[in-house]
Ligand SMILES: Nc1ncnc2c1ncn2[C@@H]1O[C@H](COP(=O)(O)OP(=O)(O)OP(=O)(O)O)[C@@H](O)[C@H]1O
Ligand SMILES: [Mg+2]
């Protein structure tokens, strides 16, 4: 058994929870993190957005002391992630992208084991285990073997486990993929509450754009480099595009618009979306086609459009996650 981890340092907590300075990482000579620099204030939520392979998990692995950086430095809650690993780990709760539960143990035993590793006293361990199981609504399954859990149930248990030792900082690598919308919402509400009440700092990677919308800061990473950082509002106003959504009256109108505006994109079966950042061009279009449209609506910039305009790519197809959620929900429903 690992010896108990030391207590968190006494005295006021640092105002900066996570500090990353010119951090680099490479695999076989290929750079996957390229001088990443970040400062994350305590008690804030920070979302890391990037396409597959951007380097998000590599960054989280370095911050959680699982991988050494190849250049630069980083600290969490004031502890250097290379020189003060044990201290750094004490302040962190981590939900990994891939499940790290012990399949052969029950939900309760998984929590017990984690509490033991963190040197928690038996009474506190029991109290906290019950509290976090209730949070993710797994009380009825506390003695069930994890192997029998659905993907969504496993995710909920992992989040519970990460919160067991009351960390100052929580890392969540794609934590809600495969969860139904209701569970996602409940988890984010609770995390927000913890953030406000206990100044928990939350660093998350997610492909669910609506989860990123509520983050204090969004950081877009591509090919191991930070390409934009700011509040969702700032990013949208700087990099987002405004679109005009229209529904042409008939096929002839649709064809005529597409002939005149090759930049128009099909929207569903009958609609078209046109870039609308150029006001004069949009006015000219509306004057010419107003009588041949049945619907006209402006779409303000979204984070999807920010992501697209900065990376030239769309976020991973989210249908997979939603299908997982349906499967998980079906299995849960079957057991209740
Ligand atoms: N152990 C490894 N050995 C070799 N290459 C690796 C290893 N781990 C990651 N990589 C590579 O490093 C790059 C960044 O990977 P990483 O897992 O950090 O990306 P990510 O942004 O988390 O992607 P995803 O959204 O798919 O989870 C990828 O090109 C990946 O193939
Ligand atoms: Mg990843």
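The values are calculated or read from the model by the stated rules, or taken from the named source; none is laboratory data. Small disclaimer: the values here were computed from a predicted structure and weren't measured. Every residue, glycine among them, receives a Cβ derived from its backbone with ideal geometry; neighbour counts consider all protein chains shown.
List of remarks:
- Looking only at the range 208-219, and only at residues there that are away from ligand 2 (no atom under 15 Å from the Cβ) and at pLDDT 90 or above, the one that is farthest from residue 305 (Cα to Cα): 216
- Subset tally (residues that are surrounded by fewer than 22 Cβ atoms within 10 Å (Cβ to Cβ) and either within 14 Å of ligand 2 (Cβ to nearest atom) or under 20 Å from residue 220 (Cβ atoms) (or both)) for the range 189-207: 1
- The single condition among (1) loosely packed, with under 14 Cβ neighbours inside 10 Å; (2) at pLDDT below 50; (3) assigned to a helix (DSSP H, G or I) that residue 317 does not meet is (3).
- Output for the range 38-56, where each listed residue is within 16 Å of residue 169 (Cα to Cα) and within 13 Å of ligand 2 (Cβ to nearest atom): 48
- Of all residues in the range 35-67, exactly one satisfies the criterion of being free of Cβ contacts under 8 Å to residues at least 60 places away in the same chain, assigned to a loop (DSSP other than H, G, I, E, B) and away from ligand 1 (no atom under 13 Å from the Cβ), namely 65.
- Selection over the range 162-188 of residues that are away from ligand 2 (no atom under 16 Å from the Cβ) and either under 26 Å from residue 52 (Cα atoms) or surrounded by fewer than 18 Cβ atoms within 10 Å (Cβ to Cβ) (or both) gives a count of 14.
- Qualifying position, being closer than 30 Å to residue 186 by Cβ and without any contact (Cβ under 8 Å) to a residue 12 or more places away in the chain, among 233, 213, 304, 229: 233
- Counted as qualifying within the range 74-187 are the helices (runs of 4 or more DSSP H) with 1 or more residues that are touching a residue at least 60 places away in the same chain (Cβ under 8 Å), namely 85-90, 107-117, 151-163.
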